[in-house]
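Participant: My structure is below; once you've seen it, I'll send some questions.
The values are calculated or read from the model by the stated rules, or taken from the named source; none is laboratory data. Source: prediction; values computed, not measured. Glycine also receives a Cβ, built like all others from the backbone with ideal geometry; neighbour counts cover every protein chain displayed.
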Amino acid sequence: MAIFDVDFPEDFLSDLLDTEFDEIAEEALKEAAPLLESSMKQSCRRVIEHSGESELVESIKSNKPKRTKTDAWIVNVGPRGYSKKKTYRSGKGKARKYRVSNALKLIWKEYGVAGRQPARPFLTSACNAVRGAVMEKMQKVYERKTGMK
């Protein structure tokens with residue numbers, strides 16, 4: 001059995017490609033995030049049962065790419081804000097008098113509410129539907145920035 005150990009300098013990728021990795025990652029995420037955002041909106045529209053939930057669809061947005069403490073680059077795509085409507089009636093006649101976050105409404109759609117609302121999962125299908133297009137977009141950004149291909 002052979003042991004193969006290679007130590008690369010910290011800026012190996014930058015020297016090799018004459019570009020900054022952080023710059024590539026940020027731009028790739030910035031260009032790919034709208035694809036996932038539109039896919040999530042389409043999938044969410046499919047599981048909407050009544051017009052009062054349309055604000056959930058419109059609240060789905062992507063934020064700017066950011067670097068984490070562990071040097072990973074991420075972008076969050078999801079619902080923002082709170083519902084505009086304050087009073088809802090459940091099947092038992094009880095009324096809720098406060099606003100609910102759109103993120104909570106998305107969780108209710110995805111996983112259901114025990115005994116009241118069946119689960120209507122859509123997040124996995126939204127991600128799977130756009131996975132290839134996102135990877136292709138990120139590959140194009142990489143090739144453009146590095147001058148490859």
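Participant: Give the number of residues within the range 71-84 that are more than 14 Å from Leu29 (Cα to Cα) and at pLDDT 90 or above. Explain how you work it out, then say what you get.
Facilitator: Going through the range 71-84, the residues more than 14 Å from Leu29 (Cα to Cα) turn out to be 71, 78-84.
Going one step further and asking which of them are at pLDDT 90 or above, we end up with 78-81.
Result for the range 71-84: 4.
Participant: Could we say that Lys64 is part of a loop (DSSP other than H, G, I, E, B), at pLDDT 90 or above and either surrounded by 10 or more Cβ atoms within 10 Å (Cβ to Cβ) or among the hydroxyl-bearing types (Ser, Thr, Tyr) (or both) here? Outline the logic, then answer.
Facilitator: Numbers: part of a loop (DSSP other than H, G, I, E, B): yes; at pLDDT 90 or above: yes; either surrounded by 10 or more Cβ atoms within 10 Å (Cβ to Cβ) or among the hydroxyl-bearing types (Ser, Thr, Tyr) (or both): yes.
For Lys64, the condition - part of a loop (DSSP other than H, G, I, E, B), at pLDDT 90 or above and either surrounded by 10 or more Cβ atoms within 10 Å (Cβ to Cβ) or among the hydroxyl-bearing types (Ser, Thr, Tyr) (or both) - is met.
Participant: Looking only at the range 105-149, count how many residues are more than 17 Å from the chain's Cα centre (by Cα) and in a helix (DSSP H, G or I).
Facilitator: Let us first name the residues in the range 105-149 that are more than 17 Å from the chain's Cα centre (by Cα), namely 108, 111-120, 139-149.
Among the residues that remain, those that are also in a helix (DSSP H, G or I) are: 108, 111, 139-146.
Number of matching residues: 10.
Participant: Next up: Among the listed residues Glu55, Glu31, identify the single one that is surrounded by 14 or more Cβ atoms within 10 Å (Cβ to Cβ), at pLDDT 85 or above, closer than 21 Å to Gly132 by Cβ and acidic (Asp, Glu). Steps first, please.
Facilitator: Values: Glu55 fails: closer than 21 Å to Gly132 by Cβ.
Every option except Glu31 fails the conditions.
Participant: Can you tell me how many residues within the range 34-52 are over 21 Å from Asn128 (Cβ atoms) and among the acidic types (Asp, Glu)? Give the derivation first.
Facilitator: The initial filter retains those residues of the range 34-52 that are over 21 Å from Asn128 (Cβ atoms), namely 49-52.
Retained after the next criterion (residues that are among the acidic types (Asp, Glu)): 49.
Final tally of qualifying residues: 1.
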